[in-house]
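Here is the structure we will look at, set down as structure tokens.
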Amino acid sequence: MTITDQPIIIPLNKSKLIIMLAGALAFVGIGCWFVIDPPVIENSYWGNPARLAILGYASILFFGIVAVVLIRKLPDTKPGLIINDSGLHDNSGGLSAGHILWTDIEDISVLEIQRQRLIMIHVKNPEHYIERQKNLFKRKGMQMNHRMYGTPISISAGGLRTSFDELMRLLHTRLQQSGNK
């Protein structure tokens, strides 16, 4: 069975990306505050300035990486996601997988981490999608996703001009139409 519908093009939502960038930069700032001049917190596990400094460095590192990814994504004019008869083309985030064939997709599931829902695309040949990444950072990130969640490919609707529920509905419908599920 082939899909006869037109491709669905979902653009990046620059407004959401700017809001996420502002949040990431705020956490980098808080991390700097914890490193440079940690607040005094009496009778608390985090009252120790050394612990706050470690938390600050972790915040700077993690949210600094997030900020860099978002800064690089903001000028991107390519669509965030294209869904067509051969599969989907992911350009939605920092670990974008590129073109994913419907015939490679085994399952689509949801992972929730700290109230953030991610669409997990389970593929038959995860190593293929990891190894084709030329960027070492992306390849390592996909390897980590594969080890932790069973698939290297995740899509967040957060930076796309669609809702999470609508995106899940579209992906499930098109996967069924492809004859693969």
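What follows is calculated from the coordinates using simple rules that are stated; it is not laboratory data. Note that the coordinates shown come from a computational prediction; the quantities given were computed from them, not determined experimentally. Cβ: placed from backbone, ideal geometry, glycine included. Neighbour counts: every protein chain shown.
Starting from the Cα gyration tensor of region 82-155, take the square roots of the eigenvalues, sort them a ≥ b ≥ c, and report rounded, prolate or oblate (rounded when a/c is under 1.5, otherwise prolate if a/b is larger than b/c, else oblate).
rounded
Apply the Karplus parameterisation 6.51 cos²θ - 1.76 cosθ + 1.60, with θ equal to phi minus 60°, to every residue of region 95-100 and state each ³J(HN,Hα) to the nearest whole Hz, in sequence, with x for glycine and proline.
10, 4, 8, x, 7, 10
Which far-off residues, 5 or more places away or on another chain, put their amide H under 5 Å from the one on Glu106, with H placed in the peptide plane?
Those qualifying (amide H under 5 Å, at least 5 residues apart or on another chain) are His122, Val123, Lys124.
Among residues other than Tyr129 whose Cβ falls under 12 Å from its Cβ, what is the net charge (Lys/Arg +1, Asp/Glu -1)?
0
Normalised by the residues of region 30-77, what does the relative contact order come to in percent, with Cα pairs under 8 Å and at least six apart?
Averaging sequence separation for qualifying contacts and normalising by length gives 39 percent for region 30-77.
Given the peptides 55-63, 79-87, arrange them by the average over their residues of other C-beta atoms within 10 Å, most packed first. Write down the numbers at each step before the final one.
On the way: 55-63: 16.4, 79-87: 19.3.
Final packing ranking: 79-87, 55-63.
Can you give me the long-range amide H partners of Leu160? Hydrogens built in the peptide plane at 1.01 Å from N, cutoff under 5 Å, separation of 5 or more residues or another chain.
Amide H neighbours of Leu160: Asn13.
How would you rank 92-105, 16-29, highest first, on the average number of other Cβ atoms within 10 Å across their residues?
Most protected by this proxy first, the peptides run 92-105, 16-29.
Tell me, in nm to one decimal, what length is gained between Glu127 and Asp76 on full extension, where the rule is 0.36 nm per residue of separation less the Cα-Cα distance?
Once the chain is fully extended between Glu127 and Asp76, it gains 15.7 nm.
Pop out the ³J(HN,Hα) list for region 130-137 in order, Karplus 6.51 cos²θ - 1.76 cosθ + 1.60 with θ = phi - 60°, rounded to Hz; leave Gly and Pro as x.
So the Karplus estimates, Gly and Pro as x, are 6, 5, 7, 6, 7, 7, 4, 4 Hz.
What full-extension length gain, to one decimal in nm, is calculated for Lys14 and Leu136 as 0.36 nm per residue of separation minus the Cα-Cα distance?
On the way: separation 122, 0.36 × 122 = 43.92 nm, distance 2.59 nm.
Full-extension gain reported as 41.3 nm.
Could you pull out the trypsin sites (Lys or Arg not before Pro) across region 83-148 that fall in loop regions by DSSP (anything but H, G, I, E, B) with no more than 16 other Cβ atoms inside 10 Å?
Working: sites: Arg115, Arg117, Lys124, Arg132, Lys134, Lys138, Arg139, Lys140, Arg147; in loops: Arg115, Lys124, Arg132, Lys134.
Filter output for region 83-148: Arg115, Lys124, Arg132, Lys134.
What order do you get for Val40, Val66 when you list them from fewest to most C-beta neighbours inside 10 Å?
Lowest count first: Val40, Val66.
Ignoring everything except DSSP H segments at least 4 long, calculate the 222 nm mean residue ellipticity for the chain; use -39,500 (n - 2.57) per segment, divide by total residues, nearest 500.
After summing the helix terms and dividing by the residues of the chain, the value is -15000 deg cm²/dmol.
With a point put 7 Å past each Cα toward its Cβ, work out how far Asn180 is from Ile36 in nm, to one decimal.
Between Asn180 and Ile36, the label points sit 4.9 nm apart.
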